[in-house]
């Protein structure tokens, strides 16, 4: 591509991003009356992202199972929450004034711990043995807001677990916690933190950290995995699609050349769908770099039987309610570990980042800086050739004039 071609790409990208930019407004527990006595026991953040033609709503729920909901509506749609119904997990506790064009939900359902005595890095999903793996249902973690930052350009929510209180197993988690950072932005960019995933104006970025988590399993070779459930308005008899593909380069994530997309059928066939996207890498230290990285392994998809019962303690159930039984609801697991990485006990820290969004997963693109460098790299040689040609032509004309003058 010519230097002019790259310049045109830069102009078009900047113009498109300005036009499609969204403006955000955010609130915690919107409409919940503090005098009711239960507002301090729930956490539901509503982020409204207004674009030129529509509005994308994000709902981040941390009452029960951590949940992310994306709903696309017209700019006139408003959100209503029946807080009493929400507290008691009643149907249709969350509603919009009009039916969304499309909606999509994600639930972090369980945290798995497994004893990888053979040091493979992988979780054997078919092996049912309490001496090999244990599940910690996220419904029984209690969550608190550590920090919430928001303006018209973005919103960032930091959540932490404070205790695990499962009836009959209250000592299952002895120490440490699980942290979430959930964010949304009104513009396209790469995240500041590794693996520097692309967030668009139609997506939410989630960073999950398992920090110093100690359990009463006392597994000697413990690793962790996360169980995720996805709910889409697509027909129940369809299926979501995994695609692992090579990215352009490792400009943003050194040493990692692969991207994983999990798309709903609507996302695969067109623009109106949901997806999650990640790079197959996790980090085992707060200082995220190649030396502190390990693998994030995924295990395909399975259908969720009786999704209303499985998700009844989540914002996703409060929104979709009994409609879940007729929707496409599937489950996947991502585990963290690599042969000879020292297991979880080496650092007692694991972080993993993914994006959940509306539409089609963004393609990895060269940054504007790289495009500028390429443009300069192509443009300078062309300019030098042009200048050299002009100089040589001028010299030839000059020599001819001198010869004519001397011959007279």
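According to the square roots a ≥ b ≥ c of the eigenvalues of the Cα gyration tensor, what is the shape class of segment 78-130, taking rounded for a/c under 1.5, prolate for a/b larger than b/c otherwise, and oblate for the remainder? Prolate, because a/c is 1.5 or more and a/b exceeds b/c.
How high is the FRET efficiency between residue 76 and residue 118 when r is their beta carbon distance and R₀ equals 45 Å, given to the nearest 0.05? According to the calculation, E is roughly 0.20. Using the Cβ-Cβ distance between residue 128 and residue 40 with R0 = 30 Å, the FRET efficiency computed as 1/(1 + (r/R0)^6) comes to roughly 0.15.
Ranked for footprinting exposure by Cβ neighbours inside 10 Å, fewest first, 283, 140 give 140, 283. For segment 22-365, the Cα gyration tensor yields ellipsoid semi-axes of 30, 24, 19 Å (square root of five times each eigenvalue, largest first, whole Å). Each residue, residue 54 and residue 149, gets one label point 7 Å from its Cα in the Cβ direction; the gap between the two is 3.0 nm. In plain terms, the chain from residue 291 to residue 27 could stretch by 91.2 nm, reckoned as 0.36 nm per residue minus the Cα-Cα distance.
Placing pseudo-labels 7 Å out from each Cα toward the beta carbon at residue 84 and residue 323 gives an inter-label distance of 2.4 nm. Estimated translational diffusion coefficient (Stokes-Einstein, Kirkwood radius over Cα pairs, 10 °C, 1.306 mPa s) of segment 255-300: 129 µm² per second.
At R0 = 35 Å, how high is the FRET efficiency between residue 170 and residue 237 if r is their beta carbon distance? Nearest 0.05 is fine. For R0 = 35 Å, the calculated efficiency reads 0.30.
Once divided by 2.2 N^0.38 Å, the Cα radius of gyration of segment 43-116 becomes 1.29. The label-point distance for residue 245 and residue 388, in a model that sets each label 7 Å from Cα toward Cβ, rounds to 3.9 nm. Ordering 133, 99 by the number of other Cβ atoms within 10 Å of each residue's own Cβ, fewest first, gives 99, 133.
What is the distance in Å between the Cα centres of segment 173-214 and segment 54-112? When both Cα centres are located, 20 Å separates them. Remark: 114, 317 ranked as 114, 317, counting other beta-carbon atoms within 10 Å and listing the fewest first.
Taken together, the values in this text are just the output of simple stated rules run on the coordinates, not laboratory data. What you see is a predicted model; the values in this text were computed from it and never measured. Quick reminder, even Gly has a Cβ in these numbers, built from the backbone with ideal geometry, and neighbours come from all protein chains shown.
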